[in-house]
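K.L.:
Have a look at the structure that comes next, please.
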Amino acid sequence: MDLGLKGKKAIVTGGTRGIGRAIAETLAAEGADVAICARNADQVNEAVAALSKKGVKALGGTADIADGAGLKKWIADTAKTLGGLDIIIANASALQNGNDEKSWRACFEIDVLGAVNAFEAALPFLTEAAKKSGDASATFISSISAAESDGANSYGALKAAQIHHAKGLARQHAGAHVRVNTISPGTVYFKGGVWDMIEQHMPDTFKQAMERNPTGRMATPQDIANATVFLASPASSFTTGTNLVVDGAISRRVNF
């Protein structure tokens, strides 16, 4: 299937490793020009060099997602440098599961306000792109933790806020053909990631998590990237306001 991404312009926040990196690489492999941001300049430079080898325009910059003004400026400047913007993926996360004030603030500033500010900065460019081609999209990377809970925690509650906000944006901007969706991954394993750390330092917890996965494995970043890129692409032009669960059936809820 042709996803219609050749020549499109995309931004991925938190795009140097894990899910974000896989999304950026998949977009580039489909022919889209891609810009990424993260806090570590060396990782950004390495990722941009790798993306450039795919024959597309690749840009990168350092950005603190919690700095709303700085993030907005980076997105606006980058969209202009790219020559427009068709797709934005808000992937960056604080990954804080605590119930303390520090965790709540981190998740609010990065997961929620990061998505809010990214969309606000991207909207004029997305609207213009949609006028020209009939489709533009924003996708927030949420989590099945939004609807699964064993106790109070900041991560799940504020991932749920992302989904709610995306639905409202989808309704608000549907007439302009700017789509807004969320992806909710289950457990995702990659070297240097959360579950890799848990496997090394909390093997019993890791074993229990693996036993909960009906497929017998955790997702790879590529599993999540495949779903995200499809949902963000013009091939999904009539899909907006949805929350796509990509969890290997680990969650028990019925999605309707």
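K.L.:
What is the order of I89, I144, fewest Cβ neighbours within 10 Å to most?
P.N.:
Numbers: I89 31, I144 19.
Least crowded to most crowded, the residues run I144, I89.
K.L.:
Give me V48, V194 sorted ascending by neighbouring Cβ count inside 10 Å, so fewest comes first.
P.N.:
By the 10 Å Cβ count, ascending, the order reads V194, V48.
K.L.:
How do V180, V34, V246 rank when sorted from fewest to most other Cβ atoms within 10 Å of their own Cβ?
P.N.:
Values: V180 26, V34 31, V246 18.
By the 10 Å Cβ count, ascending: V246, V180, V34.
K.L.:
Name the GluC sites (Glu not before Pro) in segment 135-233 that are in a loop by DSSP and that have at most 16 other C-beta atoms within 10 Å, would you? Mind showing how you got there, number by number?
P.N.:
On the way: sites: E148, E199, E211; in loops: E148.
Taking segment 135-233 and a limit of 16 other Cβ atoms within 10 Å, the loop GluC sites (Glu not before Pro) found are E148.
K.L.:
Under 5 Å between amide H atoms, partner at least 5 residues away or on a different chain: which partners does K8 have, H built in plane at 1.01 Å?
P.N.:
Amide H to amide H, under 5 Å and 5 or more residues apart or across chains, K8 pairs with D33.
K.L.:
Also: Arranged from highest to lowest average of other beta-carbon atoms within 10 Å per residue, in what order do the peptides 36-42, 212-218 appear? If you can, show how the numbers build up before the last one.
P.N.:
Working: 36-42: 18.6, 212-218: 13.0.
For the peptides 36-42, 212-218, the packing ranking is 36-42, 212-218.
K.L.:
How much net charge surrounds A129 when only the other residues with a Cβ under 10 Å from the Cβ of A129 are counted, with Lys and Arg +1 and Asp and Glu -1?
P.N.:
Numbers: positive: K8, K9, K131, K132; negative: D86, E128, D135.
Taking every Cβ under 10 Å from that of A129, the sum is +1.
K.L.:
Just one of [x] 24, 23, 19; [y] 27, 20, 18; [z] 77, 27, 14 is semi-axes √(5λ) of the Cα gyration tensor in Å calculated from these coordinates, so which is it?
P.N.:
[y]
K.L.:
Each residue of segment 130-147 in order: what ³J(HN,Hα) in whole Hz does its phi give by Karplus 6.51 cos²θ - 1.76 cosθ + 1.60, θ = phi - 60°, with x for Gly and Pro?
P.N.:
Here the 3J(HN,Hα) series is 5, 4, 7, 10, x, 7, 8, 8, 10, 10, 9, 8, 9, 6, 5, 4, 4, 10 Hz.
K.L.:
Can you give the FRET efficiency to the nearest 0.05 for A235 and N99, using r as the Cβ-Cβ distance and R₀ = 51 Å? Show your work: numbers first, answer last.
P.N.:
Values: r = 40 Å, r/R0 = 0.79.
Using R0 = 51 Å, I get an efficiency of 0.80.
K.L.:
Another question, then. Excluding A225 itself, what net charge comes from residues whose Cβ is under 11 Å from its Cβ, given Lys and Arg +1 and Asp and Glu -1? Write out the running numbers ahead of the final one.
P.N.:
Details: positive: R21; negative: E25, E30, D223.
Charge balance near A225 sits at -2.
K.L.:
Between 0 and 90 degrees, rounded to the nearest ten: what's the tilt of helix 41-52 against the longest Cα principal axis of the chain?
P.N.:
In the chain, helix 41-52 runs at an angle near 60 degrees to the longest axis.
K.L.:
Can I ask one more? Going by amide H atoms built from the backbone, whose H comes under 5 Å of the H on T242, apart from near neighbours?
P.N.:
T182
K.L.:
Through the Karplus equation 6.51 cos²θ - 1.76 cosθ + 1.60, θ set to phi - 60°, convert the phi angles of segment 62-69 into ³J(HN,Hα) values in whole Hz; use x for Gly and Pro.
P.N.:
The phi angles translate into 8, 8, 9, 4, 6, 8, x, 5 Hz.
K.L.:
I've got another one for you. Run the numbers for K191 and A49: contour at 0.36 nm per residue of separation, minus the present Cα-Cα distance, in nm. Could you put the intermediate results ahead of the total?
P.N.:
Values: separation 142, 0.36 × 142 = 51.12 nm, distance 2.04 nm.
Full extension of this stretch gives 49.1 nm more.
Bear in mind these aren't lab numbers, they're just calculated from the coordinates by the rules spelled out. A quick note: this is a predicted structure, and the numbers were derived from the prediction, not measured. Cβ: placed from backbone, ideal geometry, glycine included. Neighbour counts: every protein chain shown.
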